[in-house]
1. Starting from the Cα of ARG52, step 7 Å along the direction of its Cβ; do the same at LEU98; then give the gap between the two resulting points in nm.
2. Using the Cα centre of the chain as the reference point, and only Cβ charges (+1 on K/R, -1 on D/E), how large is the resulting charge dipole? Debye, rounded to the nearest 20.
3. If the cut-off is 28 Å between C-alpha atoms, which lysines fall inside it for LYS64, apart from same-chain ones fewer than 8 positions away?
4. Which is the longest stretch in the chain that no exposed loop site breaks, taking sites as trypsin sites (Lys or Arg not before Pro) with a DSSP loop state and at most 16 other Cβ atoms within 10 Å?
5. Can you give me the angle between helix 32-42 and the longest principal axis of the chain, using Cα atoms only, in degrees from 0 to 90, rounded to the nearest 10?
6. Return one whole number: the accessible area per residue of the chain in Å², for a 1.4 Å probe.
7. Calculate, in nm to one decimal, what ARG6 and ALA62 gain on full extension: separation in residues at 0.36 nm each, minus their alpha carbon distance.
8. Contour minus end-to-end for LEU34 and ARG77, with contour as 0.36 nm per residue of separation and end-to-end as the Cα-Cα distance?
Amino acid sequence: MVDYRRAIVEHNLLGKPSAKARKLTLAMARDPLLRQSRELVLGTEPSEVLERQRFDAVRLAAAKLLEPKVVLVSLPRRTLHSADEVKTWLEEIEAVLLARVAAGPVIPG
């Protein structure tokens, strides 16, 4: 990737008119929607109509790539003997889950 970046930005591989345009092109190349739609767009003839259904499928695939990964969260285990112990345990679990879900989706386990 470093060589590709250097070729675009420093050596103007793509023939862009300015350094700013070259950097913007590189930034856009990292965009998931652009990466996912590349084959669809390049495979479409200039006079061909790009149907919304085909593009929507690409858009959904790009959105899926952006979804955060689900994390399995181990919950503390213990034997509970009273209602107070249950309440304390639930408070612990709540704190653990709230801290972890702030970073993305979780599966308690």
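The values are calculated or read from the model by the stated rules, or taken from the named source; none is laboratory data. The structure presented is a predicted model; accordingly, all values stated were derived computationally and were not measured. Cβ: placed from backbone, ideal geometry, glycine included. Neighbour counts: every protein chain shown. What goes into the accessible areas is simple: the full protein's heavy atoms, side chains included, and nothing from ligands, DNA or RNA. Shrake-Rupley method; radii C 1.70, N 1.55, O 1.52, S 1.80 Å.
1. For ARG52 paired with LEU98, the spin-label model returns 4.3 nm.
2. Its charge dipole is roughly 560 debye.
3. The reachable lysines, counting only those whose Cα sits under 28 Å from LYS64, are LYS23.
4. 31-68
5. 40
6. About 80 Å² of surface per residue is accessible.
7. 17.5 nm
8. Working: separation 43, 0.36 × 43 = 15.48 nm, distance 4.57 nm.
Gain on extension, LEU34 to ARG77, equals 10.9 nm.
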